[in-house]
Each structure stands twice: as structure tokens, then as C-alpha cells.
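The values are calculated or read from the model by the stated rules, or taken from the named source; none is laboratory data. Treat the numbers as computed from the prediction; the structure is a model and nothing was measured. A quick note on method: Cβ atoms are made from the backbone with ideal geometry, for glycine too, and the neighbour counts reach across all protein chains shown. The accessibility values were calculated without ligands, DNA or RNA, using every heavy atom of the protein model including side chains. Shrake-Rupley method; radii C 1.70, N 1.55, O 1.52, S 1.80 Å.
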Amino acid sequence: TTEEIGPTLDALCQTLAATNRYHASKVSDEELAAVGKMVRHWDAERVFPALDLARLLAVHPDAATSRREAFWTEVVAAALAKCKEEVGGTAAVAVPMLTMRLCANCFKGGVGSAKAVMGQLVDVLQCAEDLAGSANKNVRLAVSTVILNAASYGVSNGGMDAAASKKILGVVGAIVGSGLYESEGVVRALVALGSALLIPGAGGVAAKEEAKSLHFESMVGHVASQHGDKAKGVADEISSILQG
């Protein structure tokens with residue numbers, strides 16, 4: 001119950017609040033277990049405070065270390081499952097937004113959180129694609145951030161498989177095609193596309209082939225023209241990569 005884990009959560013919240021101490025502070029197995037239990041067992045109407053804690057934990061160096069990979073694998077899987085549940089009220093926005101922010105942070109956390117999210121990457125990207133047409137600005141921006149962080153991770157950590165890189169393009173297509181996104185979200189999606197094209201190995205090759213066959217260059221040029229100089233600059237980079 002919440003009463004039983006209250007003191008554990010109080011201690012954890014103090015640790016997470018002291019961001020200037022992240023390099024030195026520790027997160028106990030008991031604290032992680034409490035958050036994991038809430039994410040897995042609380043229903044979707046109530047789970048968003050636990051998802052918020054998990055989102056913050058994902059970038060804490062000790063919490064996200066390689067020996068915690070199994071914990072993160074369970075948490076990401078549970079969060080994705082909650083995202084599929086029909087909920088109303090505050091949870092209808094909070095659960096998808098925090099699930100996407102959690103996944104986005106996992107790519108930038110430690111080895112444990114990053115490996116966990118990469119191990120479920122196609123599922124994460126499918127969730128992002130399903131949410132790409134959200135009526136909520138914060139959910140949309142979180143979707144763009146997930147694909148940007150996924151593509152960037154693929155570039156800097158030696159690649160990803162073809163199915164995942166093509167899925168990134170699928171999410172970009174959904175974002176661009178929706179006509180809903182503000183400039184910041186569009187720019188992040190375009191940078192994600194450009195990064196996906198530069199992924200080393202099979203992932204980048206597949207992304208380039210997919211982008212060419214689906215005529216992404218003209219689509220990107222059209223949408224970028226509506227979102228300012230930064231978007232146009234990214235679109236120009238994408239064109240040069242595709243023509244290279």
C-alpha cells in the first residue's frame with residue numbers, strides 16, 4: 001500500500017529533488033522496487049505519479065546503471081501497457097505524456113535504462129506512432145523527443161536494426177502528415193529523421209531506402225517551409241544526405 005512505502009518514497013523524492021547531487025547520491029534497491037511495484041500494479045487512472053518518478057529516475061546515474069537493466073525493462077514494458085488502456089480525466093493526457101518522457105529519458109540515462117528501452121525499441125516507437133496524432137501539445141512534443149533521442153542513440157552507439165530505423169520514419173511521417181505540430185515538435189522530428197539516415201550499418205541503409213521510396217525529401221521540404229528557418233535548415237541537410 002501507499003502507506004507502507006511512504007517513507008521509502010519520501011526518501012527517494014528528496015534524492016531526486018537534489019539534482020546537483022546526482023553524481024554522488026545513491027538510489028536503493030528498495031526505492032526502485034517501490035516505484036516498479038507502483039508502475040506495474042497501479043491502474044492507469046492512478047499510475048501517473050509513479051511514471052513521473054520513473055521518468056526522473058531514468059536520468060539518475062545510480063538508478064540507471066547497467067545492473068538495474070532488468071528493473072528498467074519491466075518498467076518500460078509496464079508503462080507501454082498502461083498507455084494502451086482507455087482512461088479519462090487527467091490520466092488521459094498524463095499517462096501517454098509521461099510514458100513518452102520516461103522512454104525519452106531512458107535513452108539519455110545510464111547503460112541500464114538505455115539497454116532496456118533499446119530492447120523494446122519497436123514497441124516504444126509503435127506507441128509513439130499511435131500517439132502522434134494526440135490533441136495535446138505536450139504529448140506531441142514528447143513523441144518528437146522520443147524519436148529524436150532514439151535516432152541520436154543509434155548514431156552514437158553503433159546502430160540499430162532496420163525495422164526500428166524504418167519505424168522512426170513511420171513516426172516522422174505520422175507527425176508531418178498530422179498537420180498538428182508546432183515548430184518545435186516539427187524541428188525535433190526532422191532532426192530525428194536526419195539522424196536516422198546517419199545511423200551506421202543496416203539501420204541507416206534501411207532508413208535511406210525507405211525515405212527515398214516514400215519521397216520524404218519533397219514532403220519534408222514542404223512542411224519545413226511552414227516552420228521557419230531552423231526547420232528549413234534541417235530539411236536542407238536531409239536533402240543533401242539523401243542525394244549523397
(request) Hey, can you tell me all the residues within the range 91-139 that are within 24 Å of V27 (Cα to Cα), open to solvent by 40 Å² or more (accessible area, probe 1.4 Å), of a type outside the set (A, V, I, L, M) and part of a helix (DSSP H, G or I)? (result) R101, K108, K115
(request) Please tell me if G159 is open to solvent by less than 30 Å² (accessible area, probe 1.4 Å), touching a helix residue (DSSP H, G or I) at 6+ places or on another chain (Cβ under 8 Å), under 16 Å from A196 (Cα atoms) and modelled with pLDDT under 95. (result) yes
(request) Could you tell me whether any residue of the range 66-81 is touching a helix residue (DSSP H, G or I) at 6+ places or on another chain (Cβ under 6 Å), within 15 Å of A142 (Cα to Cα) and among the small types (G, A, S)? (result) yes
(message) Pairs please, first residue from the range 19-36 and farther than 16 Å from V75 by Cβ, second anywhere and outside any helix (DSSP H, G or I), Cβ atoms under 7 Å, 6+ apart in sequence or on different chains.
(response) Y22/H60; Y22/P61; H23/P61; S25/A18; S25/D62; K26/D62
(message) Can you pull out every residue in the range 14-44 that is surrounded by fewer than 16 Cβ atoms within 10 Å (Cβ to Cβ) and either small (G, A, S) or closer than 25 Å to A81 by Cα (or both)?
(response) A17, A18, A24, S28, D29, E30, A33, K37, H41, D43
(message) Can you tell me which of (1) over 25 Å from D29 (Cβ atoms); (2) surrounded by fewer than 22 Cβ atoms within 10 Å (Cβ to Cβ); (3) of a type outside the set (D, E); (4) modelled with pLDDT of 95 or more is the one L80 doesn't meet?
(response) (1)
(message) For the structure I just gave you, tell me whether A81 is assigned to a helix (DSSP H, G or I) and touching a residue at least 12 places away in the same chain (Cβ under 8 Å).
(response) no
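Listed here are the residues, each with its yes/no results for (1) under 22 Å from F107 (Cβ atoms); (2) surrounded by fewer than 22 Cβ atoms within 10 Å (Cβ to Cβ); (3) hydrophobic (A, V, I, L, M, F, W, C).
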site: S178; (1), (2), (3): no, yes, no
site: E184; (1), (2), (3): yes, yes, no
site: A189; (1), (2), (3): yes, no, yes
site: L193; (1), (2), (3): yes, no, yes
site: A207; (1), (2), (3): yes, no, yes
site: S213; (1), (2), (3): no, yes, no
site: H227; (1), (2), (3): no, yes, no
site: E237; (1), (2), (3): yes, yes, no
